[in-house]
């Protein structure tokens, strides 16, 4: 039976646009204005890769000190915009993960986010402590590099060729291709079906709820 590896933000929890607003405000606070839609296209990258991409948008590279300051401001603003008690699972996410546990389907989570910032999102999903979760601090490189998904497959003791990656952003799907895994796109993060398919999505579903009702299409 295939193993499933899930992204977190925009795939299982409704946090994408809070990240967009937090990054936009962090940039404004440090004298750098970037349009919100441009920021949205980069959500899912690691913080370090994101700040390098921002440098290209504003026409000059950010220093390591500027990048670190931006990350810290973003983290503070994100917690203010979306307090721990307001983290909300996306439709169908809790039921999908519960069924996978009930049916002993191998699965885990691989996210570009870091602890402790992701802890409240994980808690909102009601997953047990023994769920495999790979976060940014566990690997050398984040999406679109494949490291997160490769490490998650290793911890699950799953053959990468037997893994599906489920994500909402093109960065998830590009990383999955580089890990030699099939990918499933969800529309719940704001990307269109055509964008997800162009990035390599094997199937595209509206959200976790539609994926839950379509598990048979994945051979589960």
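Scoring residue 101 on the criteria (1) part of a helix (DSSP H, G or I); (2) buried (at least 21 other Cβ atoms within 10 Å of the Cβ) leaves a single failure, condition (2). The single condition among (1) assigned to a helix (DSSP H, G or I); (2) out of contact with any helix residue (DSSP H, G or I) (no Cβ under 7 Å at 6 or more places or on another chain); (3) crowded, with 19+ Cβ neighbours inside 10 Å that residue 158 does not meet is (1).
Checked against (1) at pLDDT 75 or above; (2) crowded, with 16+ Cβ neighbours inside 10 Å; (3) within 21 Å of residue 144 (Cβ to Cβ), residue 38 passes all but a single condition, namely (2). Determine if region 2-21 includes at least one residue that is surrounded by 17 or more Cβ atoms within 10 Å (Cβ to Cβ), within 23 Å of residue 131 (Cβ to Cβ), over 17 Å from the mean Cα position of the chain (by Cα) and modelled with pLDDT of 80 or more. Among the residues of region 2-21, at least one is surrounded by 17 or more Cβ atoms within 10 Å (Cβ to Cβ), within 23 Å of residue 131 (Cβ to Cβ), over 17 Å from the mean Cα position of the chain (by Cα) and modelled with pLDDT of 80 or more, which makes the answer yes.
Taking region 60-75 as the range and being free of Cβ contacts under 8 Å to residues at least 24 places away in the same chain and either surrounded by 15 or more Cβ atoms within 10 Å (Cβ to Cβ) or assigned to a helix (DSSP H, G or I) (or both) as the test, the residues that pass are 62, 64, 65, 67, 68, 72. Tell me, please, whether a residue that is in contact with a strand residue (DSSP E or B) (Cβ under 6 Å, 6 or more places away or on another chain), in the same structural domain as residue 145 (by TED's automatic domain parsing) and farther than 19 Å from residue 172 by Cα can be found in region 98-105. Yes, region 98-105 has at least one match. Of all residues in region 38-57, those that are farther than 16 Å from residue 28 by Cβ have Cβ atoms under 8 Å from Cβ atoms of residues that are assigned to a strand (DSSP E or B) and at pLDDT below 75, 6 or more apart or on another chain, in 53/45.
Scanning for something touching a residue at least 60 places away in the same chain (Cβ under 8 Å) and either buried (at least 24 other Cβ atoms within 10 Å of the Cβ) or more than 26 Å from residue 39 (Cα to Cα) (or both), does region 130-143 turn up at least one residue? So far as region 130-143 goes, yes, one or more of its residues are touching a residue at least 60 places away in the same chain (Cβ under 8 Å) and either buried (at least 24 other Cβ atoms within 10 Å of the Cβ) or more than 26 Å from residue 39 (Cα to Cα) (or both).
The values are calculated or read from the model by the stated rules, or taken from the named source; none is laboratory data. It should be emphasised that the depicted structure is a prediction, and the values quoted were computed from it without experimental measurement. All Cβ positions, even for glycine, are placed from backbone atoms using ideal geometry, and neighbour counts span all protein chains on display.
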